[in-house]
Amino acid sequence: MTDTESAGTTREAGTDFPYPVMVEIKGLTRTATFTRLADAVAAVRTTLATLSLDDAHAAYLAEQFAPEAVDRIGRQLAKVGMVRSIAFVGINAHPIYIRPAAKR
């Protein structure tokens, strides 16, 4: 994953988390900060697409981090303060974290 920055984009209310977020897939990526939640979720999807996941697990993670999931992820970040999942590559577990980049 790489850091990205949104350049003058307009978003509709309720379609994104209004704060920068940090994303990390332990053991696979370094922590990256994104100004837009949608960009962070897209980065997770891009990284997951490169992994050797079994079909069922790949489908599950694709649903969890789909573009349509950004609203749900934003609500969870606002309510719980973190989104977690796990990518299993063979028998190795790689926790996926999305959290606010700074305390609100």
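What to note about this one:
- The single residue among Arg99, Arg75, Arg45, Arg36 that is touching a residue at least 60 places away in the same chain (Cβ under 8 Å) and closer than 21 Å to Phe17 by Cβ turns out to be Arg99.
- The residues listed here are Val44, Val23; of these, the one that is within 15 Å of Arg99 (Cβ to Cβ), modelled with pLDDT of 95 or more and in a helix (DSSP H, G or I) is Val44.
- Considering region 54-72, the residues that are touching a residue at least 24 places away in the same chain (Cβ under 8 Å) and buried (at least 16 other Cβ atoms within 10 Å of the Cβ) include one that is farthest from Ala101 (Cα to Cα), namely Leu61.
- A count restricted to region 78-96 and to residues that are part of a helix (DSSP H, G or I) and touching a residue at least 60 places away in the same chain (Cβ under 8 Å) stands at 1.
- So Thr29, is it without any contact (Cβ under 8 Å) to a residue 40 or more places away in the chain, surrounded by 13 or more Cβ atoms within 10 Å (Cβ to Cβ), within 12 Å of Pro100 (Cα to Cα) and of a type in the set (Val, Ile, Thr): no
The values are calculated or read from the model by the stated rules, or taken from the named source; none is laboratory data. If you're wondering where the values come from, they're calculated on a predicted model, not measured in any experiment. Positions of Cβ are generated from backbone atoms using ideal geometry, with glycine treated the same way; all protein chains shown enter the neighbour counts.
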